[in-house]
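First the structure, in the form of structure tokens, and then the observations on it.
The values are calculated or read from the model by the stated rules, or taken from the named source; none is laboratory data. Keep in mind that what you see is a predicted model, and the values were worked out from it rather than measured. Backbone-built Cβ (ideal geometry, glycine too); neighbour counts: all protein chains shown. Surface areas here come from the heavy atoms of the whole protein model, side chains and all, with no ligands, DNA or RNA. Shrake-Rupley method; radii C 1.70, N 1.55, O 1.52, S 1.80 Å.
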Amino acid sequence: KKIPASLELCAVTKQYAGANATIVAVDGVDLALSRGQFVALHGPSGLEVYLDAQAGSLLGPNSGSVTICGQRPYELSSEARAAFRARHVGFVFQRFHLIPYLRVLENLLTPTLALGIDHAEQRAAELLEQFGLSQRKNHRPEALSVGKQQRVALARALLPKPELVLADEPTGNLDEANSTAVLDVLASYAASGHTVLMVNHDPQARDRANRRIAMAAGKLTPE
């Protein structure tokens with residue numbers, strides 16, 4: 001039986017204006033990712049982020065279609081698309097984007113406020129325990145190490161149990177031990193029946209994925 005795709009890109013193209021010419025960041029890309037896949041994507045710095053943003057319904061393509069969990073988000077209103085994204089797509093950023101004046105537990109719960117997630121505080125407590133952050137739940141981000149901040153950001157992304165997780169260089173600012181911890185969580189999350197797409201330029205991080213894709217000149221090639 002065929003496993004339904006969490007993410008499908010069909011003939012997706014994205015262009016933007018460069019200093020002297022139009023740059024094609026994504027050039028007619030076709031891609032299908034299924035549940036259980038932990039996918040590593042690498043290519044020219046910055047260009048693969050355009051693909052990541054389109055896959056997360058943050059940046060519409062110039063042409064082609066994006067389907068996430070059976071829904072084409074770019075056919076929705078901006079408000080409906082934001083609600084869909086909040087429930088179905090989790091984002092892990094290299095720079096964390098934690099809210100500095102909120103405590104750790106509050107940072108985890110913020111994305112759930114508009115979703116009406118049952119037992120959100122219980123799940124947040126479970127994630128904090130999983131990530132070794134229970135004793136830090138009342139700390140603000142500035143009081144945490146870089147590795148702990150990334151773990152908070154990862155827990156925040158996973159709290160709604162999104163079908164698709166997009167991780168942009170999630171180990172880029174971390175030491176080896178913290179990188180391993182983050183990659184362990186992403187690999188486990190994919191193995192539990194979800195989909196993870198990770199942009200990463202670290203060969204050791206890419207080795208943890210069960211599927212690797214390279215991007216060059218706006219096109220994708222399997223490794």
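Details
- Principal axes of the chain: Cα extent on each, largest first, Å: 50, 45, 37
- Percentage of interatomic Cα-Cα distances in the stretch 23-147 larger than 19 Å: 60
- The smallest convex shape that holds all Cα atoms of the stretch 99-147, its convex hull, gives 73 Å³ per residue.
- Antiparallel content of DSSP bridges confined to the stretch 93-223, in %, to 5: 45
- Here's the picture: a label point sits 7 Å out from the Cα of Cys10 along the beta-carbon direction, and within the stretch 62-92 the residues with their amide nitrogen under 18 Å of it are 62-76.
- Sequence-distant residues sharing a close amide H with Val92 (under 5 Å, placed H): Leu166, Ala167, Asp168
- Antiparallel %, DSSP beta bridges [both residues in the chain], to 5: 55
- Accessible area in square angstrom per residue, the stretch 9-127, 1.4 angstrom probe: 50
- The residues of the stretch 183-223 expose on average 47 square angstrom of accessible surface per residue, using a 1.4 Å probe on protein heavy atoms.
- For the stretch 45-110, the relative contact order is 19 percent, taking Cα pairs closer than 8 Å that sit 6 or more residues apart in sequence and dividing their mean separation by the residue count.
- Rounded percent of accessible protein surface that carbon and sulfur make up, the stretch 120-223, 1.4 Å probe: 45
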